[in-house]
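*Asks:* Below: one structure in structure tokens.
Every number here is computed from the coordinates shown, using simple stated rules; none is lab data. Keep in mind that this is a model prediction, so the values were computed, not measured. Glycine also receives a Cβ, built like all others from the backbone with ideal geometry; neighbour counts cover every protein chain displayed.
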Amino acid sequence: MLKMNRKQFLANSTLVGGALVLTPISSLSFSSPSNHQAPAALPDDDLFTYLQRQHGQFNINAYRKLLGHANAYKEGDETLGIAALTEEHRLLARQLLQQTKLKDIDANTVFSDELYQYVQSTTDPIIQQQTEDWTLGELKTFLLTETDDNIHPVLPGLSSDIIACVVKLMSNDELIQVGQKVFNPLTGSNIGSKGYMGARVQPNSPTDHPDDISWQVFCAWSYAVGDLVLGTNPVSSDPKSVAQIEATLFDLLQTFELEDTLPNCVLAHIDIQAEVEEFQPGTTGIWFQSLAGTVGANKTFDVTIEKMKAHAKVRKGKYGLYVESGQGADFTNGHGQGFDMLMHESRKYGFVRALKQELPTLANGEKPWVYVNDVAGFIGPEVFKSKEQLVRTCLEDTVMGKLHGLTIGLDICSTLHMDVTLDDLSWCIDEVMPANPAYLMALPTNNDPMLSYLTTGFYDHVRVREKFGYKVNDSMWEFFKKLGVIDANNKPTDHFGDPIWVYYQYRKAKGDARSKDVIYAEGQQKIAEIEGRGVPIAQGHGKEIWELDTDLDQQMHALYEDAKVSLWTEMQPPFLQSIGILHTLQTLSKNRKDYVYHPSSGEQLDRKTLRLLNTLRHQRQKNLPQIQIIVSDGLNARAIMDEGHLQPYLIAIRQLLTEHGYKVADDVFSMINGRVRAGYQCGEYLFGEEKVQGDKRCVLHIIGERPGSGHHNFSAYITAASAADWGTAGKIDHDITRVVSGISDTALHPDSAAQDSFDIVNQLMS
């Protein structure tokens, strides 16, 4: 929650007749946690004069704290130890910051690595020089008072750190003010233009089923939603599976002759997409990758600067790169580097801006499409908890993206372990939309059936269009008219909200000569099958066209309530005993609440557990297994304990491994309040002292997934490495781990998941 009252801040740092009105800075000072009073700031102090007087020299840690103190409060900054202790501290930091010159910020980086240097090298030096003597307060005034025509020429010279710093100084209303005037539309479209709001259709399936995916697109188009990209998050990253989804999406575009209007995308790793393009040319649409703000954090995504530059250079068609990011991803993966989430996020946008320059120039003199999706609330309460913080983050990131010259949209979203309800989500959407982001996510309901989180539904788009007057990309709007869901007067027709009508048009475009009644009957059967797999298909609407059908709305709320119960359910000892688990490991989490709200506590094992693992390692020296299976509750213990889930998977995977000669530990470990990295620590203790250096050892870590889909899915995280790597503390991380997700009796069946897991183990151990 924003701890500073907005009215208080505006009273002390607002525009009056174009000038900044400041609280006398001499009245403010820093206090350490011990309440020791630091020297008071003088009226003309900037960050650096204040630090020099306080410490006798530049102090990087104090500098990072001051910059962190200037942020609106978020739990993530508190975890990093850089959140302001009081509102007085926050106001002082902002006062010092706004009196600091741009050139001094650029000359004193909070953290330097190859990514920072790359971003700086692609910042326009001539424009940068023209503004270097501005203070951040003057830059803020400029952005708030000048027109877009005057602002745009300055933007290429603003470094990512400068953009982050000026955003720290703005209230929510001021961020909206900037968002309403700065726009970066995609070439040849209205997406990203003033008064337009696009949509990424996100047709996710718990089983990557082609029908689940295509019918969610039919559903979206029936509500006149979906003009940016058809973008699916895959369950499997196997190239053949990714290729099948790409082909499914591309077929929809080809059939309706929309290949030049919007692209398709499967959000697998960019290397996988490039591989699919090689053996299935022309089908991959725009290429996706998650990015981070440091070299180290990008390693977690198996991404390097050179790799991304190489991928950018081959994007010679209309569609270039689609990037996702979000505040907090860096520090939650162990790469906080002592500086705040806002600056990390801004550097990601700087990375995208730099990559945009690497793209080839098209025949029309323009660059291929590049856009960013800010997934603000996807990580969880360790980053921020409240609806107010979600709004603040969305506004910050929207403005930072726009000031980088990027087309930026939002996933206004929340995990089900944050303190954000379904009603809260609607409030957040309404608070953010005045800033006019380029697009939002779009699903049949607010609940993603595969990723298990809350985001924007098709009906949210309809409501926002009605409330704020936002339009859909003109060429796509004409398609919706041609499709027959919008009439000549731009009003919904009787076919609005009827996905079977869109399917009927699809079949006709395919040359299907069957009658409408026959195709409609087939469509109804397909929807029944899809919903049977736990994927909702919206049809019709409530009293208003922007309201969800009553029955579907009730189903969505039931899933939400089920998720809350699942989240706080604990793994029961009788269950563990029933499957023969003898050894229970414990992390540093004090209890369930500590685990949910402080994820890092679940990444390390407690001392008692480490002693137990030490003992087991010595006992096993003469009979060391190749594979250790661990079962953790994760965020959904019910996923583990539900009948027909864990037991058949364990039986099947053990059988497959032993039949093929692998030596599996007799005893399966259970882990209470365990996360993926705690499994790595197990491997370090069990396998790290092995004398046979060349022989790989594997941890197969079964964890309950985020609740929310109703499937109560679990995942299997598979990590194989040599003894030398296991024995190097911290070396094993997510970049070498493979995962099989969405496992349950109603999604990816345990028997099939066991086969997929075995295939991965066999590949990694070879």
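*Asks:* Which listed residue (Thr300, Gln244, Asn184) has the Cα farthest towards the positive end of the charge dipole for the chain, taking +1 on Lys and Arg C-beta and -1 on Asp and Glu C-beta about the Cα centre?
*Replies:* Farthest towards the positive end: Thr300.
*Asks:* Right, here's the next one. Residue by residue through region 586-600, what is 3J(HN,Hα) from phi via Karplus (6.51 cos²θ - 1.76 cosθ + 1.60, θ = phi - 60°)? Round to whole Hz and write x for glycine and proline.
*Replies:* Along region 586-600, the couplings run 10, 8, 6, 4, 6, 6, 4, 4, 4, 5, 5, 8, 10, x, 4 Hz.
*Asks:* Report the gain in length on full extension from Asp751 to Asp251: 0.36 nm times residue separation, minus Cα-Cα distance, nm rounded to one decimal. Mind dumping the intermediate values first?
*Replies:* Working: separation 500, 0.36 × 500 = 180.00 nm, distance 3.10 nm.
Residue separation times 0.36 nm, minus the Cα-Cα distance, leaves 176.9 nm.
*Asks:* Take the alpha-carbon centre of region 595-650, take the same for region 367-436, and report the distance between them in whole Å.
*Replies:* 34
*Asks:* To continue, here is another question. Where the only charges are on Cβ atoms (+1 Lys, Arg; -1 Asp, Glu), what is the dipole of region 569-765 about its Cα centre, to the nearest 20 debye? Provide the component values of the computation, followed by the final result.
*Replies:* Details: 20 positive and 22 negative charges, 139 e Å.
Computed about the Cα centre, the dipole is about 660 debye.
*Asks:* Per-residue ellipticity at 222 nm for the chain, helices alone: DSSP H runs ≥ 4 residues times -39500 (n - 2.57), over residue total, nearest 500 deg cm²/dmol? Before the final figure, lay out the partial values.
*Replies:* Values: 34 runs with 344 residues, N = 766.
Taking each H run of at least 4 residues, the total per residue is -13000 deg cm²/dmol.
*Asks:* A further question follows. Shape of region 569-765 from its Cα gyration tensor (a ≥ b ≥ c, root eigenvalues): rounded if a/c is under 1.5, otherwise prolate when a/b > b/c, or oblate? Write down the numbers at each step before the final one.
*Replies:* Values: a/c = 1.57, a/b = 1.18, b/c = 1.33.
Verdict is oblate for region 569-765.
*Asks:* What is the distance in Å between the Cα centroid of region 154-212 and that of region 658-716?
*Replies:* Here the two parts' Cα centres lie 39 Å apart.
*Asks:* Let me ask something additional. Considering Cα pairs under 8 angstrom that are at least six residues apart, work out the relative contact order of the chain and quote it in whole percent. Display every interim value, and only then the final one.
*Replies:* On the way: 1545 pairs, mean separation 87.3, N = 766.
Rounded, it is 11 percent for the chain.
*Asks:* So, with +1 on the Cβ of K and R and -1 on the Cβ of D and E, and no other charges, what is the size of the charge dipole of region 392-467 about its Cα centre, to the nearest 20 debye? Could you put the intermediate results ahead of the total?
*Replies:* On the way: 5 positive and 11 negative charges, 59 e Å.
Using Cβ point charges on Lys, Arg, Asp and Glu, region 392-467 gives about 280 debye.
*Asks:* While we're looking at this one, here's another question. Going highest first, how would you order 631-639, 507-515 by mean Cβ packing within 10 Å? Numbers along the way, then the final one.
*Replies:* Details: 631-639: 25.2, 507-515: 11.3.
Order by mean packing, descending: 631-639, 507-515.
*Asks:* Just report the Cα centroid separation between region 46-73 and region 117-146, whole Å.
*Replies:* 21
*Asks:* Given H placed on each backbone N at 1.01 Å, which residues far from Thr587 in sequence or on other chains put an amide H within less than 5 Å of it?
*Replies:* It is Asp606, Ile672, by chain and number.
*Asks:* Let me ask something additional. When only Cα pairs under 8 Å and 6 or more residues apart are kept, what is the percent relative contact order across region 485-567?
*Replies:* Values: 47 pairs, mean separation 16.7, N = 83.
Contact order relative to length: 20 percent.
*Asks:* With label points built 7 Å along Cα→Cβ from the Cα atoms of Glu561 and Ile651, find their separation and express it in nm.
*Replies:* Placing both labels 7 Å along Cα→Cβ, they lie 3.4 nm apart.
*Asks:* Along the charge dipole of the chain, Cβ charges K/R +1 and D/E -1, which of Pro281, Ile412, Tyr717 sits furthest on the positive end?
*Replies:* Farthest along the dipole direction, towards plus: Tyr717.
*Asks:* While we're looking at this one, here's another question. Show me the trypsin sites (Lys or Arg not before Pro) within region 515-619 that DSSP assigns to loop and that have at most 10 other Cβ atoms within 10 Å of their Cβ. Walk me through the numbers on the way to the answer.
*Replies:* On the way: sites: Lys516, Lys526, Arg533, Lys543, Lys564, Lys590, Arg592, Lys593, Arg607, Lys608, Arg611, Arg617; in loops: Arg533, Lys543, Lys590.
Sites meeting the loop and neighbour criteria: Lys543.
*Asks:* Taking loop as defined by DSSP and a crowding limit of 15 other beta carbons within 10 Å, which trypsin sites (Lys or Arg not before Pro) in region 297-345 fit? List each step's numbers first, then the result.
*Replies:* Values: sites: Lys299, Lys307, Lys309, Lys313, Arg315, Lys316, Lys318; in loops: Arg315, Lys316, Lys318.
Those satisfying the criteria are Lys316.
*Asks:* FRET efficiency for His583 and Asp211, Cβ-Cβ distance as r, R0 = 45 Å, nearest 0.05?
*Replies:* Values: r = 43 Å, r/R0 = 0.96.
About 0.55, to the nearest 0.05.
*Asks:* Could you tell me which of the pairs Lys526/Lys564; Lys402/Lys467; Lys385/Lys731; Lys74/Lys467; Lys74/Lys307; Lys402/Lys564 are separated by over 26 angstrom between their Cα atoms in the structure shown? Don't jump to the answer; show the numbers that get you there.
*Replies:* Values: Lys526/Lys564 31 Å; Lys402/Lys467 23 Å; Lys385/Lys731 31 Å; Lys74/Lys467 30 Å; Lys74/Lys307 33 Å; Lys402/Lys564 36 Å.
Flagged as over cut-off: Lys526/Lys564; Lys385/Lys731; Lys74/Lys467; Lys74/Lys307; Lys402/Lys564.
*Asks:* While we're looking at this one, here's another question. Is there a quick way to get the dipole size of the chain? I mean about its Cα centre, with the Cβ of Lys and Arg at +1 and of Asp and Glu at -1; what is the value in debye to the nearest 20?
*Replies:* Details: 69 positive and 97 negative charges, 254 e Å.
In total the dipole reaches around 1220 debye.
*Asks:* Let me ask another. Could you give the length gained by full extension between Arg620 and Asp124, i.e. 0.36 nm per residue of separation minus their alpha carbon distance, to one decimal place? Can you show the working numbers first?
*Replies:* Details: separation 496, 0.36 × 496 = 178.56 nm, distance 6.07 nm.
Gain in length upon complete extension: 172.5 nm.
*Asks:* Thr407's amide H: which non-local residues (gap 5+, or another chain) put their own amide H closer than 5 Å, with H modeled 1.01 Å from N in plane and none for Pro or chain starts?
*Replies:* Under 5 Å from the amide H of Thr407 lie the amide H atoms of Val372, each far enough along the sequence or on another chain.
*Asks:* Say each of Asn489 and Asn762 gets a label point 7 Å from the Cα, pointing the same way as Cα to Cβ; how far apart are those two points in nm?
*Replies:* For Asn489 paired with Asn762, the spin-label model returns 6.4 nm.
*Asks:* Now for a separate question. Work out, step by step, the length gained on full extension between Lys508 and Arg533: first 0.36 nm times the residue separation, then minus their alpha carbon distance; give nm to one decimal.
*Replies:* Contour length minus Cα-Cα distance gives 6.3 nm.
*Asks:* Something else: At what distance in nm do the modelled label points of Lys194 and Tyr520 sit from each other, each positioned 7 Å from its Cα along Cα→Cβ?
*Replies:* With each label placed 7 Å out from Cα toward Cβ, I get 4.6 nm.
*Asks:* OK, next. Once R0 is set to 45 Å, what does the formula 1/(1 + (r/R0)^6) return for the Cβ-Cβ distance between Lys316 and Phe58, expressed as a FRET efficiency to the nearest 0.05? Write down the numbers at each step before the final one.
*Replies:* Details: r = 46 Å, r/R0 = 1.02.
For Lys316 and Phe58, the calculated efficiency is 0.45.
*Asks:* Can you find, among Gly679, Gly704, Leu588, the residue sitting farthest towards the positive end of the charge dipole of region 569-765, where Lys and Arg contribute +1 and Asp and Glu -1 at Cβ?
*Replies:* Leu588
*Asks:* Once you have a ≥ b ≥ c as the square roots of the Cα gyration tensor eigenvalues for region 173-325, tell me rounded if a/c is under 1.5, and otherwise prolate or oblate according to whether a/b is larger than b/c. Don't jump to the answer; show the numbers that get you there.
*Replies:* Details: a/c = 1.61, a/b = 1.07, b/c = 1.50.
The shape class here is oblate.
*Asks:* Could you pull out the GluC sites (Glu not before Pro) across region 166-264 that fall in loop regions by DSSP (anything but H, G, I, E, B) with no more than 14 other Cβ atoms inside 10 Å? Walk me through the numbers before you get to the answer.
*Replies:* Details: sites: Glu174, Glu246, Glu257, Glu259; in loops: Glu257, Glu259.
Filter output for region 166-264: Glu257.
*Asks:* Using alpha-carbon pairs under 8 Å, 6+ residues apart, how would you state the relative contact order of region 96-197 in percent? Before the final figure, lay out the partial values.
*Replies:* Values: 91 pairs, mean separation 31.2, N = 102.
Normalised by residue count, the contact order of region 96-197 is 31 percent.
*Asks:* Let me ask something else about it. Rounded, prolate or oblate: which one fits region 657-706, using the alpha carbon gyration tensor with axes a ≥ b ≥ c (rounded when a/c is under 1.5, else prolate when a/b beats b/c, else oblate)? Let's see the in-between values first.
*Replies:* On the way: a/c = 2.35, a/b = 1.39, b/c = 1.69.
Because a/c hits 1.5 or more and a/b fails to exceed b/c, region 657-706 counts as oblate.
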